[in-house]
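Chemist: One structure, as structure tokens, below. Some questions next.
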Amino acid sequence: QIPDFLGEVVPLIAAFGHGQIATIHVKEDEQGDQQLQMLAAAFAEHNLYDKAILFDLTLETAAKVRVLDPRICIFISVGEERFAPSIYLWEDLADHSELYDGVWWDEWKTPGSEYTAERAAEILAAGKTLYVISPELHTVHGHPHAQSGYEQDWRNFIAWGAHGICTAHPRQLRELLG
């Protein structure tokens, strides 16, 4: 059963301790004005500003959220291809820096096509927070590191200065971090 967002999920996020961050995936069909107003109200009512981020928004939706409440943390999805309307190439974002706080960084199919030290440096130099999606989360897309090799990718992400890694194996990542 899917939990009720306002009744169950928001209170859970509101109770997070220092350093715990919820990433709220706002799917394309959930980016209407009514849903955005509900999210903005939840952030304000429960003071979620340092406890949650919204990600996978289109630039148009990010602009709307900025008007509703500029304190909400927004991450834009960046990948090696424009697989969906809310996934951008890094170059697409050059003139839109004011609309987002961080990058939700994805590489679906080809190692090194997006995940490079140079790209990470560009994102960080732009003053953006960088959260990386680990390759094992793209098994269905055929990423070659989905079954093995993702630990080396984690090491790279850490060396490149990523602020967070989204993984299906958090305990294994914690062990790697020591």
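Chemist: In the stretch 1-60, which residues are over 17 Å from Gly164 (Cβ atoms) and in contact with a Leu (Cβ under 8 Å, 6 or more places away or on another chain)?
Modeler: Within the stretch 1-60, Val10, Ala14, Val26, Gln31, Leu36, Gln37, Met38, Leu39, Ala40, Ala42, Leu59 qualify.
For (1) acidic (Asp, Glu); (2) within 20 Å of His163 (Cβ to Cβ); (3) modelled with pLDDT of 95 or more, each residue gets a yes or a no:
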site	(1), (2), (3)
Phe83	no, no, no
Leu93	no, yes, yes
Trp104	no, yes, yes
Thr110	no, no, no
Ser113	no, no, no
Glu122	yes, yes, yes
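Chemist: A further question on this structure: Inside the stretch 109-178, counting only helices (runs of 4 or more DSSP H) that do not spill past its ends, which hold 3 or more residues that are more than 16 Å from Ser77 (Cβ to Cβ), open to solvent by less than 60 Å² (accessible area, probe 1.4 Å) and out of contact with any Gly (no Cβ under 8 Å at 6 or more places or on another chain)?
Modeler: Ranges flagged: 150-159, 170-177.
Chemist: Out of the residues in the stretch 119-178 meeting the condition of being over 16 Å from Glu80 (Cβ atoms) and charged (D, E, K, R), tell me which one is nearest to the chain's Cα centre (by Cα).
Modeler: Lys128
Chemist: Only helices (runs of 4 or more DSSP H) wholly contained in the stretch 1-79 count here; list those with 2 or more residues that are touching a residue at least 24 places away in the same chain (Cβ under 8 Å), more than 22 Å from Ile133 (Cβ to Cβ) and open to solvent by 40 Å² or more (accessible area, probe 1.4 Å).
Modeler: 33-46, 59-68
Chemist: What pairs come up if the first residue lies in the stretch 141-166 and is under 13 Å from Thr129 (Cβ atoms) and aliphatic (A, V, I, L, M), the second is open to solvent by less than 70 Å² (accessible area, probe 1.4 Å) and assigned to a helix (DSSP H, G or I), and their beta carbons are under 7 Å apart, counting only those six or more places apart or on different chains?
Modeler: Taking only residues 6 or more apart or on different chains, the pairs are Ala162/Ala120; Ile165/Trp154; Ile165/Phe157; Ile165/Leu173.
Chemist: Go through the stretch 88-105 and report how many residues are small (Gly, Ala, Ser), open to solvent by 20 Å² or more (accessible area, probe 1.4 Å) and either at positive phi or not in a loop (DSSP other than H, G, I, E, B) (or both).
Modeler: 1
The values are calculated or read from the model by the stated rules, or taken from the named source; none is laboratory data. Remember, predicted model here, so these are calculated numbers, not experimental data. Using ideal geometry, Cβ is built from the backbone for each residue, glycine included, and neighbour counts are taken over all protein chains shown. SASA here: full protein model, heavy atoms, side chains in, ligands and nucleic acids out. Shrake-Rupley method; radii C 1.70, N 1.55, O 1.52, S 1.80 Å.
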